[in-house]
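A.B. asks: Here it is, the structure in full.
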């Protein structure tokens, strides 16, 4: 029905006849002539409709915003002075000979270029309008190119695209499952998978050797952060591999992706141990675009007459660390107060600081509410952090966990606020994770999942589980975890030992993961893999601000779709077939 | 960890050292030497382990069926007389220098080459074993190549891969939905999509112009036929297109797919109207590999003294048709009885037949229980069907629906039983479907779905809905519907008219499809598309016998996964969070 997309038109086509199909982006009447900006997924082109072509003119005259038109006309250069260099098609226009109204449109709920004036709820309700914005179309188009590039790379490297079930059993990630009542098995439920983890391991047991899938995953969690109830993973697993194999293949995949899609050449990814990342950045996903690092000063603070510092400095689980911000001495009191509130979100009970105005004046050159407590150690401290005039030093002093989270978050926030970035893209690998962490009840919990292989033998694991490292690796980009994976356990004795450390009884293990354990017993190869969060990767690559910007039909924070009004009520007949009933009448139900 | 896959070894590698990783497919001890057939996803290679290498020998000696080994050795030609020309690696063997046991294996539930001796339930329970069979690996590998080829073609043609939600609202296909209780919206439920139909139409409204997705779909139906509760579609939609555009693009896609993956060059697909297909083959998905066609003889049977024929011949909804089978006169009485039982499945109350032994003898040369009733018309009938000596004629006489189904099924069965195929692949398009059919209650129902565009204007539709044709098209291959689609309604007046014909009130339409209707009101382009059943396509292309052969982890006829034991019970706490309770105690539940 068309000869060209609107955005493809340019001065090389002058004098050619073209046929365009698209939407009325804008309409202006000027000097008895109608100007239509016609929009399709490739861009916008200006169409001029003259009263000399009365049929075309009459149809153009009917056309309103977002009408769907088909236009035939001849390309010509725009008159001198009306050319628009900011617009890809800004040098030319189409003089219409035919205008056909393919469909009308009611008045849109908002104008595309005024989308910022309406709430996100309106934009989600009329998602098909919001998706018309060029940046939304471009992001989803880039998403398609990204998955295509990833697939091509993985296919080239012998990975087979294999689908795993959506209607399945609970998986080992431990978040809350979405459940699906079974009609044919009364009282029983499917779970939607939180990941294809167990299936991909079984595909390795079956000998597929290299598997990938761009897979939908589901978690019924409260969506405090930028999360969605359904999200997409690039899921990868391979047999007869070690860490370097998986990391090498996937690093190359990301590097090729950035080159192909963004024309960006990423460096080799540095590797950092989890321990170093926590020590230097307070985070297991440090944003290395920001040149700030923590400096530990516990030793200096053990004996100061300031409990806020000396307490944590002497505690086993305490930490006192300094974050030096070059040029930060210019921060106002108000700004510092705001940062103090900010670290409060992460549990810090305050934010001590020292402005270094003039080091040559000694303590006199410092400005700080706390410097008086640390006169004996201040010079050593300033030397250790390499303080220079104009710097500000922020202190974190608390349990190490709080210091890491609060000062780590502050570091990221300062990086953005003060534009400290040294590079646009900073990828890295974080490795040598602990196998376990203690949860709030003091029990050991798996830092990744219970099928992650330890980097030691079963006996060592048994002796000292808390010090055991895992064979896990996370890929981090600009402070975001792009993906994580590990070499898995393929040895049954090791698997038993890990369950024992986690306090999982044989019975519980069989009940939850029996089919995987059976698989491991039937000739499991050494194997490992990785899963990338596709939504987040696309968001980073397209400059979206939330993952909702890169998902065609996302859900709200309360896990609802405002466009389709899902979830919705169902009739009693349906529930009866599924052998369930509501705990309260639907009419009493509250919608949060 | 390896240098080659087992199946890659050949005589060009003689004298090279290789390292293989894989499974012990077979082990034989012969003349003090151990022979191991090592298997990986690419094939099997013979490894010889000599007592001269004692460490290797000791490990090989431990190895049992399905142990996982890593073997290093040197390639050599097999001794004269022991070469195996039926095996791709049959000319060479590997003389092992190192054998490492990477993992042990318990005794497998069945030997791979004896899988036929165990029931499908055992193979589904130990799916990771069954998947080790080379034909299973090959089918799933081919599936991966098929999706890759399809994706490449669609990307090349400007289609964007866009994901649509899994947690959504009921869709318009009308089968039973899988439901997912919402935790955050008490008493409400998501539905899993039966197709992305409404979303892809809204993507057209949004201006994405060309969309595709390889999408999981869900139907909670009784699985009489070869169906799965979750299945996969190649889903395609485009804007500003007409029938020929969609059919052209998708036909080319399938033709390219067959060329790339199977090295098969398909012809241009013929097009046949629905009416012709029913008349000639009694089916809207005729298998054109089989040269048999129905011949109508109603006119001849109106006055015969045989109610079984004259009744349907005189009834408005009756049909009397002949299926001539060349060479069929050799069928035994027992075989004919079996075919009579077979058509009974489709509602036929008998199967009349005439064997043409010797036409030169007139009625004397015919053998038949019924020929006595039709002496006046028999010669006309024989001439009309072009009967020759050795033929058998089968008769269908009943309501047209029964004749079409019974004789149509018989035609397909005879094609297979007598190997009547004239070609390996017979694709076609079926077009000009009726818009509606009467359901059992006499109401009009959509033959496709209520968004399919009619081939007439709204006024004509209103006047005579039963005669209206739709703008739908089905792609058929070897008697299987590969895919179906249509040009959609983009005009609101037309949409209202179709709902009216279907007896769907405005209120019901708004309740069910309100968001789509809103979308259509906001500037919907003309659009249409098609969806292919991927599982069935792969089954046909790989020679699988059921779609379970081309799905990694399929479910049983009662919609259960025997491997993971899904669905399963959940605890009361989980149900409480979801605001539901069981209608009966789980302990009373029956598993069908």
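A.B. asks: Once you place label points 7 Å from the Cα toward the Cβ at residue A:107 and residue B:380, how far apart are they in nm?
C.D. replies: With each label point 7 Å from Cα toward Cβ, the separation is 7.1 nm.
A.B. asks: Let me ask you something else. Do you know the relative contact order of chain B, to the nearest whole percent, from alpha carbon pairs under 8 angstrom that are 6+ apart?
C.D. replies: Computed over chain B, the figure is 13 percent.
A.B. asks: How many times 2.2 N^0.38 Å is the alpha carbon radius of gyration of the range A:291-421?
C.D. replies: Rounded to two decimals, the normalised Rg is 0.96.
A.B. asks: While we're looking at this one, here's another question. Quick check: from the Cα gyration tensor, does the range B:510-591 come out rounded (a/c under 1.5), prolate or oblate?
C.D. replies: Oblate, since a/c reaches 1.5 and b/c is not below a/b.
A.B. asks: What Kirkwood radius, in Å to one decimal, follows from the Cα pairs of the range B:134-271?
C.D. replies: Result for the range B:134-271 stands at 17.1 Å.
A.B. asks: Taking neighbour Cβ counts within 10 Å as the exposure measure, how do A:53, B:480, B:422 sort from fewest upward?
C.D. replies: B:422, B:480, A:53
A.B. asks: Sort A:338, B:243 so that the residue with the fewest other Cβ atoms within 10 Å of its own Cβ comes first and the one with the most comes last.
C.D. replies: The most exposed by this proxy come first: A:338, B:243.
A.B. asks: Additional query: Step by step: find N for the range A:64-187, compute 2.2 N^0.38 Å, then divide the Cα radius of gyration by it. What's the final number?
C.D. replies: Relative to the rule-of-thumb radius for its length, the range A:64-187 sits at 1.74.
A.B. asks: With a cut-off of 8 Å between alpha carbons and a minimum separation of six or more residues, what is the relative contact order of the range A:387-543 in percent?
C.D. replies: Relative CO of the range A:387-543 lands at 19 percent.
A.B. asks: Same structure, new question: Give me the distance in nm between label points sitting 7 Å out from Cα along the Cα-to-Cβ direction at residue A:263 and residue A:558, one decimal.
C.D. replies: 4.6
A.B. asks: In peptide B:101-107, how many Cβ atoms from other protein chains are near each Cβ within 10 Å, on average?
C.D. replies: Rounded to a whole number, the mean comes out at 5.
A.B. asks: Suppose only helical runs count, i.e. DSSP H with n ≥ 4. What mean residue ellipticity at 222 nm does that imply for the protein assembly as shown under -39500 (n - 2.57) per run, divided by all residues and rounded to the nearest 500 deg cm²/dmol?
C.D. replies: -8500 deg cm²/dmol
A.B. asks: To one decimal in nm, how far is residue B:252 from the same spot in the other copies, if labels go 7 Å from Cα toward Cβ? Please give the shortest first.
C.D. replies: 3.4
A.B. asks: Compute the separation of the alpha-carbon centres of the range B:255-328 and the range B:486-553 and state it in Å as a whole number.
C.D. replies: Measuring centre to centre over Cα atoms gives 28 Å.
A.B. asks: With N set to the residue count of the range A:134-214, report its C-alpha Rg divided by 2.2 N^0.38 Å to two decimal places.
C.D. replies: Output field value: 1.43.
A.B. asks: Given R₀ = 45 Å, what would the calculated FRET efficiency be for residue B:332 paired with residue B:423, taking r from the Cβ atoms and rounding to 0.05?
C.D. replies: E between residue B:332 and residue B:423, to the nearest 0.05, is 0.95.
A.B. asks: Starting from the 7 Å offset along Cα-to-Cβ, what nm value, one decimal, do you get for the label separation of residue A:65 and residue A:100?
C.D. replies: 2.7
A.B. asks: So what's the angle, to the nearest 10 degrees on a 0 to 90 scale, between helix B:243-257 and the longest Cα principal axis of chain B?
C.D. replies: 30
A.B. asks: Find the centroid of the Cα atoms in the range A:173-210 and in the range A:402-452, then give the distance between the two in whole Å.
C.D. replies: The distance from the Cα centre of the range A:173-210 to that of the range A:402-452 comes to 29 Å.
A.B. asks: Across peptide B:126-134, how many C-beta atoms of other chains are within 10 Å of each residue C-beta, on average?
C.D. replies: Averaged over the peptide's residues, the number is 6.
A.B. asks: Over the range B:6-103, what per residue volume does the convex hull of the Cα atoms give, in whole Å³?
C.D. replies: Expressed per residue, the convex hull around the Cα atoms of the range B:6-103 is 88 Å³.
A.B. asks: Here's something else I'd like to know. If you restrict to DSSP beta bridges whose two residues both lie in chain A, what percentage is antiparallel, to the nearest 5?
C.D. replies: Given both bridge residues lie in chain A, the antiparallel proportion sits at roughly 95 percent.
A.B. asks: Still on this structure, please answer the following. On average over all directions, what projected area in square nanometres does the protein assembly as shown have, based on the convex hull of its Cα atoms?
C.D. replies: That works out to 59.9 nm², a quarter of the Cα hull's surface.
A.B. asks: How far is residue A:17 from itself in the other copies, in nm, if each label sits 7 Å out from Cα along the Cα-Cβ line, shortest first?
C.D. replies: The answer, with the shortest distance listed first, is 7.4 nm.
A.B. asks: Angle between the Cα long axis of helix B:134-156 and the longest principal axis of chain B, 0 to 90 degrees, nearest 10?
C.D. replies: 60
A.B. asks: Considering every residue in B:576-582, what mean count of other chain Cβ atoms within 10 Å of its Cβ is obtained?
C.D. replies: Shielding by partners across B:576-582 averages 6.
A.B. asks: Please find the FRET efficiency linking residue B:276 to residue A:12, where r is the Cβ-Cβ separation and R0 is fixed at 60 Å, and quote it to the nearest 0.05.
C.D. replies: Calculated transfer efficiency: 0.80.
A.B. asks: What are the nm distances, shortest first, from residue B:221 to its equivalents in the other copies, labels at 7 Å along Cα→Cβ?
C.D. replies: For residue B:221, the other copies' label points sit at 3.7 nm, shortest first.
A.B. asks: Give me B:87, B:278 ranked fewest to most by other Cβ atoms within 10 Å of their Cβ, as a rough exposure proxy.
C.D. replies: Ranked by crowding around the Cβ, least crowded first: B:87, B:278.
A.B. asks: Same structure again: Please compute the volume of the convex hull spanned by the alpha-carbon atoms of chain B and report it per residue in Å³.
C.D. replies: It is 228 Å³ per residue.
A.B. asks: How far, in degrees from 0 to 90, does helix B:506-521 lean away from the longest principal axis of the Cα atoms of chain B, to the nearest 10?
C.D. replies: Tilt relative to chain B: about 70 degrees.
Each reported figure results from applying straightforward, stated rules to the coordinates on display, with no laboratory input. Because the structure is predicted, anything quoted here is derived from the model rather than measured. Reconstructed Cβ throughout: ideal geometry from the backbone, glycine too, with neighbour counts over all protein chains shown.
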